[in-house]
Amino acid sequence: MTEPVITRIQTSLAQQMAQPGGRTLTDVQRRADERLGRHKAEVMAEIEAAVAGLESLCAARPQAPGAEVYRLASRVVDLAGFFDTGPLFDAGYSLADTADRMTAADAWDWPPVQVHVQALRLILNAGCERNAATEQLLSGLKAVAAKARS
Amino acid sequence: MAEDRINLEQSTVLLVDDTPQALDMLGSIFQGFGVKEQIKRPSAVEAVKVLQQRPVDLIVIDCGDPEMDGYAFTRWLRRETPAPMRYTPVILVTGHASQSKVQEGRDCGVSFVITKPLTPAVLLKRILWLAGDEREFVECETYVGPDRRVRNFGPPVGMTGRRKGDLSAHVGHAVEENMDQADIDMLLKPQRVSL
């Protein structure tokens, strides 16, 4: 086996960031938060469309649905993950994980998917607020996901 | 005390995301961070074309394209490009990492994997960490990228290190007499220094 080559490096990013000047951390974070916030309405509409797509799949129950369910659940996670959508992100992540594991194990089952999609709709309709009801909903999803994995 | 600052006024960032809205949001975040230039591409294949033309200072990628995903892109960057481009920091962003991808994330050579939720605060913290990143760059048959050990405590106990600089984890017997307490106190005692 050849000897590993170890190099001590300093990246151009590190050199540039070491230069004096720039902005305060508070300032750049405020600016980034403000600019990101401008996308929220459009993104929530995209998430709504993805959940509607999942509802259609649950109603139609097509053959070999794993990839499409995973794609839509991942879309919810990818977009919701930019904002504080609390339970919506968690429920989307749980669905993506459940779909991924059921597909890998070749053991697809619709009821766990259906429960997740209903939870996503409830959370969306409730404005993605984290409260006692959504916490209970998420712990229910956790149990459903664990059962689907076993 | 002066507040900490970040200077990205000279930096070019390559942003890659196969979800158009996510790419726009990443762009807005980096606009807020005050980068000099951002290059946005919707696929890793397109990002490769950019790097074949010019260097960048930081790459942020979230791409699940089967033709070339973020992991394959990073392997290409680390193995197929010349230095110093191959050292470019890569932050790989992921929403849900499928089971098959978890190990790949560790082994492809990224500087950081950030799992969503991704807030500007999290991203900022990681960029600041990269600015002070003192990890060495490792190139061997099975891995090319920053040292995966954030802290280097030497080889595992009972194993011989594979690197020339690895020290033995076994300290061994003392070869000199113990220092007495007075000597230790002298070493720790604050001394007046004339300037």
- One residue from A:ARG101, A:ARG75 being in a helix (DSSP H, G or I) and touching a Lys or Arg at 6+ places or on another chain (Cβ under 7 Å): A:ARG101
- Query: Can you tell which of B:GLU9, B:GLU46 is assigned to a loop (DSSP other than H, G, I, E, B) and surrounded by fewer than 23 Cβ atoms within 10 Å (Cβ to Cβ)?
  - Reply: B:GLU9
- Message: Please determine whether any residue of segment A:127-141 is surrounded by 18 or more Cβ atoms within 10 Å (Cβ to Cβ) and closer than 26 Å to A:LEU36 by Cα.
- Response: yes
- Out of (1) outside any loop (DSSP other than H, G, I, E, B); (2) within 13 Å of another protein chain (Cβ to nearest Cβ), the odd one out for A:CYS58 is which? (2)
- Selection count where residues are within 14 Å of chain A (Cβ to nearest Cβ), surrounded by fewer than 10 Cβ atoms within 10 Å (Cβ to Cβ) and at pLDDT below 70, scope segment B:150-164: 1
- Message: So for segment A:79-90 (the condition being surrounded by 20 or more Cβ atoms within 10 Å (Cβ to Cβ) and touching a Ser or Thr at 6+ places or on another chain (Cβ under 6 Å)), does at least one residue qualify?
- Response: yes
- Message: For segment B:53-75, which positions are within 9 Å of another protein chain (Cβ to nearest Cβ) and outside any strand (DSSP E or B)?
- Response: B:PRO55, B:VAL56, B:ASP57, B:GLY64
- Message: Among (1) more than 7 Å from chain B (Cβ to nearest Cβ); (2) part of a helix (DSSP H, G or I); (3) surrounded by fewer than 16 Cβ atoms within 10 Å (Cβ to Cβ), there is one condition A:ASP33 misses while meeting the rest; what is its number?
- Response: (1)
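Let's see how each residue does on (1) within 23 Å of B:ALA22 (Cα to Cα); (2) of a type outside the set (Asp, Glu); (3) out of contact with any Pro (no Cβ under 9 Å at 6 or more places or on another chain):
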position	(1), (2), (3)
A:ASP27	yes, no, yes
A:LEU36	yes, yes, no
A:MET44	yes, yes, yes
A:PHE82	yes, yes, no
- Item | B:GLY32 vs. criteria crowded, with 18+ Cβ neighbours inside 10 Å, in a helix (DSSP H, G or I), in contact (Cβ under 8 Å) with a residue 60 or more places away in the chain and within 12 Å of chain A (Cβ to nearest Cβ) | yes
- Note on the structure: Taking segment B:101-119 and keeping only residues that are assigned to a helix (DSSP H, G or I) and either at pLDDT 95 or above or small (Gly, Ala, Ser) (or both), one is left with B:GLY105
- Does segment A:108-127 contain at least one residue that is acidic (Asp, Glu) and within 28 Å of B:ALA121 (Cα to Cα)? no
- Message: Going through B:ARG135, B:ARG78, B:ARG126 one at a time, which residue ends up being within 13 Å of chain A (Cβ to nearest Cβ), touching a strand residue (DSSP E or B) at 6+ places or on another chain (Cβ under 6 Å), part of a loop (DSSP other than H, G, I, E, B) and not hydroxyl-bearing (Ser, Thr, Tyr)?
- Response: B:ARG135
- Message: Looking only at segment B:99-123, filter to residues that are surrounded by fewer than 18 Cβ atoms within 10 Å (Cβ to Cβ) and within 7 Å of another protein chain (Cβ to nearest Cβ); which one of those is farthest from B:ARG75 (Cα to Cα)?
- Response: B:ALA121
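The values are calculated or read from the model by the stated rules, or taken from the named source; none is laboratory data. Remember, it's a predicted structure, so these values are computed and weren't measured experimentally. Don't worry about glycine lacking a Cβ; one is built from the backbone with ideal geometry, like all the others, and counts go over all protein chains shown.
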